[in-house]
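No lab work stands behind these numbers, since they all come straight from the coordinates. Everything quoted here is computed from the prediction, not taken from an experiment. Methodologically, a virtual Cβ is constructed for each residue, glycine included, from the backbone with ideal geometry; neighbour enumeration extends over all protein chains shown.
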Amino acid sequence: MEESTSREKILKRVRDALIEKTEAPYPIIDQDISVYKEITEPLDITFAEALVKAAGKFVYCESEDEFIGNLKSFILEKDWGVLFCKDPKIQQLLKLGGVPYESHNEAFLEARIGITRCEYLIARLGTIMVSSRLNPGRKITVYPEIHLVLGYSWQLVPDLKQALSGIRKKYSDHYPSMISLITGPSRTADIEKTLVMGAHGPKELYVFFIDDIRPAD
């Protein structure tokens, strides 16, 4: 009987709470106001500075031709060897520039360097947005030791909000099965708080930023 009475008291309190209206504790909240300070620098400078802070490397290119020239220089200076590339649009640039690359699946497991495009470059965070809809999908952004990203100035957005809006507009009802954000090379400090680079992904991240008009799709 006592148990039933306690139960009834609890239920009565629940009913009373549902009946009585409670004013919202914070009735005036503008959900559209950014929590960040306004970006005052040009977006490309903001992105480059944030990327470098996250241990990424920023390579400025005025054109696709300069991108090829810079890429060749890095391959020679750093002894990178042959790139792995499955993206037909990047392959076309590499062929025109005379840059050798591998694209066969058998070569992937031996690939030290992979090159991909991106969806957006998020200036404030120095972050790269990629998705499974970009050729060749998920694996090349995480498997090779060195990840090269080809990005254009028209892909720069101030914040994550604009990048997500762009994804919704671009893919409409056919969203990618994976959207990922890359901020610098892979790292972890889980073991004895010792920072280890490349723990579950690339040890190095390079963004080749082309300050050029939007290419034809």
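Listed values, structure above:
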{"item": "Neighbour-count order for Asp32, Asp16, fewest beta carbons within 10 angstrom listed first", "result": "Asp32, Asp16"}
{"item": "Principal semi-axes in Å for segment 99-175 [√(5λ), Cα gyration tensor, largest first]", "result": "26, 15, 10"}
{"item": "Anchor Lys21: lysines whose Cα lies under 20 Å away (excluding residues fewer than 8 positions away in-chain)", "result": "Lys9, Lys12"}
{"item": "In order through segment 89-95: 3J(HN,Hα) via Karplus (6.51 cos²θ - 1.76 cosθ + 1.60), integer Hz, x for Gly, Pro", "result": "5, 6, 4, 4, 5, 5, 5"}
{"item": "Cα lying deepest toward the dipole's positive end in segment 39-159, options Pro88, Ser132, Ile75, charges on Cβ", "result": "Ser132"}
{"item": "Of the GluC sites (Glu not before Pro) in segment 63-144, those whose Cβ has at most 15 other Cβ within 10 Å and which sit in DSSP loop", "result": "Glu110"}
{"item": "Highest average packing first - 171-181, 37-47, 140-150, Cβ atoms within 10 Å", "result": "140-150, 37-47, 171-181"}
{"item": "Filter on Lys89/Lys170; Lys53/Lys203; Lys161/Lys203 - keep pairs with C-alpha separation over 21 Å", "result": "Lys161/Lys203"}
{"item": "Span per principal axis, largest first, for the Cα atoms of segment 63-114 (Å)", "result": "31, 25, 13"}
{"item": "Rotationally averaged projected area of the chain (alpha carbon convex hull; nm²)", "result": "20.7 nm²"}
{"item": "Within straight-line cross-link reach of Lys72, aspartates and glutamates at Cα separation under 17 Å, skipping those fewer than 8 residues along the same chain", "result": "Glu62, Glu64, Glu102"}
